[in-house]
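The next block holds one structure in the form of structure tokens; read it before the comments.
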Amino acid sequence: MLGIREKLTFGFGGLLLIMVVIGINSISLLTTLGYSVDVILTENYRSVIACERIKEALERMDSAALFTLLGETDQGRELIARNEPVFEAALQTELSNITLPGELQKAEHLRALFTQYRVALQKVVDATLSPDTRREAYFVTTLPLFYKMGATAEEILHMNQQNMLDANARARNTASAAKRRMYILLLSGGFLAVLFFLFTGRWILRPINRLIRSVDEIGRGNLDLVVPAESKDEIGRLSAAFNEMASSLRQFRRSSQTKMALIQRSTRQVFKSLPDAVVIVDLNGQVEVSTQTAFECFGLKPGVSIRNLPDRIVRLFDEALISKRPVEPLGRHAIIQQFIKGEEHFFRPGVFPILDGEKDPTGVTLVLKDVTQQLHHDELKGGVISTVSHQLKTPLTSLRMAVYLLLEEKVGPLTPKQTELLIAARDESDRLHSILNNLLDISRIESGKMQMDFLPVSPRAIVMEQLDAFQSAAKDRGVTLRMDVPNELPEVLADPLRIGHVLSNLLSNALKYTAPGGEVCVSAKSDGEEVAFAVSDTGKGIGPEYLDRIFEQFFRIPGQPFEAGEGLGLAIAKDIIEVHGGSIGAESEEGKGSTFTFTLGKAGDANRKAGSK
């Protein structure tokens, strides 16, 4: 590898060579400049040629005018027709090649004269006029214009010829002077280059080599060296700045080491005290940092691979790295069971990728949240609801039977007021019976005791069955029911009865909140390994502040009528879809309607969670 000295030598030697070559070429070019000036002056030459053609065309058109006066009208017109374009082309050449002061005004004047000449010439060749009138037009108008145009063209021609002579003389004088100056510049440049070669080592190379050695020392960690600044030029200032930089680095190293140690101790202490099992994992799945809970519950500590954990967690880890988005599965199927010291615990996993400035993953944070108490509370709540529902169902059945018997007047006639009261009691008892059935369904789903009969089912068949059931109600309300489900959609793995309950609930809500003249549409389409169903309406919509809560149990949007429901239908639908391994959601805009969507796995996918239940 060439050093600085060799590079500078070659660089300035090449520079000197370039100067010599440029000088020789420049002298040669300047010598030939006087001879090549004719090329530069071609613009004047073009103007000269254009003026000659203008004069020639004028002569021929004047001759054509005389021919017509002598009775040779056709020959005269033919001659005019041939020379008018020649004149115009030559005049356009002159107008586009203006190079001298005053030339433009003369060319414009020539064009204006030609415009008048053409009008007068047409009168001369007009056979409908009398011979005396035509001769008068020629001698009074056309001929004077001819002389004026010829004189103007001659003036332009002389202007360009004289400029050609003057420019040629100037160019030859300039070339001679430039040649002399080039000789002087070449001699001076060569002398200066030789002087610079002599002083390069002393002025530049020695301080640069000293700085290079100092940089190498700093690279090896020696921040205590001081570079001597022997001069006050740029190299000397660079040496002083280098010393200040080394001093700043020494101070920064001391302060940063102290801060880093403090931050590391604090971070580890805070991280270990987190109540949940949290680990930071590199791209290969190796644990870098872990909390005490993660070590006690899963044996995760620095250096251990998370690929020893259940397959579900490993799949979540891979999915987060590929998608570069957090992965937090919902539903009971996502919960992981773990026995700790002989006790059963449940954890819900969440994987959060750590991205750099380029949005590429550099690691992953794995959070295993202990939901054991939450599940126990849910089971306790479900048990209480189930017990209460069962206990209330028997007396409620007796009450409903009594109300129906009374309404049928099996035990005697009723007054109108009694009938009215009994009808109200019947409606309320039916509503209470529906609430108890919904609570029992929720309890069975959450406890896993609800029997699911998973079968391959056609999406179109599921939708058509529910649409047929609601056609009458839609007609009564003046709402159009529409279906957009292709025949070629693949079968889904589902319990037809339960999915029918989900569709029935969504259709019932859509009809309930769609005004007469509106439309409700049920659609389905293939989406990867799933089939996505959608129920859309043109109703009044749902406010954005309520969209996140509509699937909660007993939640009812404020302002709804009493008969709108108890807030259990969508909660049951959500539980059923999650048991099937799918997802459910809603989109809405107030005044424009709502769209509820849910997904079901295709029957051919053997890995669907619902199929394994």
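Under 5 Å from the amide H of Ala603 lie the amide H atoms of Glu491, Val492, Leu493, each residue being 5 or more positions distant or on a separate chain, with H modelled from the backbone and absent for Pro and chain starts. With the simple spin-label model, which puts each label point 7 Å out from Cα in the Cβ direction, the Leu489 to Ser508 separation comes to 2.2 nm. Rolling a 1.4 Å probe over the protein heavy atoms gives region 466-509 an accessible area of 51 Å² per residue.
Simple spin-label estimate for Arg460 and Val194 gives 9.9 nm between the two label positions (7 Å along the Cα-to-Cβ direction from each Cα). Taking the protein heavy atoms of region 51-109 in the context of the full set of protein chains, the accessible area attributed to carbon and sulfur is 50 percent at 1.4 Å. Spin-label model, Thr419 to Ala178: label points 7 Å out along the Cα-to-beta-carbon direction sit 12.1 nm apart. Stretching Arg315 away from Ile557 to a fully extended chain increases their span by 83.3 nm, per 0.36 nm per residue minus the current alpha-carbon distance.
Let a ≥ b ≥ c be the square roots of the eigenvalues of the Cα gyration tensor of region 73-131; is it rounded (a/c under 1.5), or, if not, prolate (a/b larger than b/c) or oblate? Note, shape of region 73-131 comes out oblate.
Between Phe252 and Ala89, full extension at 0.36 nm per residue minus the direct alpha carbon distance yields a gain of 50.6 nm. Legend: distances between Cα atoms for Lys369/Lys525; Lys324/Lys369; Lys324/Lys574; pairs beyond 30 Å are Lys369/Lys525. Extension gain, Arg46 to Arg549, is 172.3 nm, computed as 0.36 nm per intervening residue step minus the present C-alpha separation.
Taking a sphere under 10 Å around the Cβ of Gln338 and counting the other residues whose Cβ falls inside, with K and R at +1 and D and E at -1, yields a net charge of -3. Counting only protein heavy atoms and a probe of 1.4 Å, the accessible surface of region 455-521 is 51% carbon and sulfur. The mean accessible area for residues of region 67-115, using a 1.4 Å probe and ignoring ligands and nucleic acids, is 55 Å² per residue.
The values are calculated or read from the model by the stated rules, or taken from the named source; none is laboratory data. Since we're looking at a predicted model, the values are computed, not measured. Don't worry about glycine lacking a Cβ; one is built from the backbone with ideal geometry, like all the others, and counts go over all protein chains shown. Accessible surface areas use protein heavy atoms only, side chains included; no ligands, DNA or RNA. Shrake-Rupley method; radii C 1.70, N 1.55, O 1.52, S 1.80 Å.
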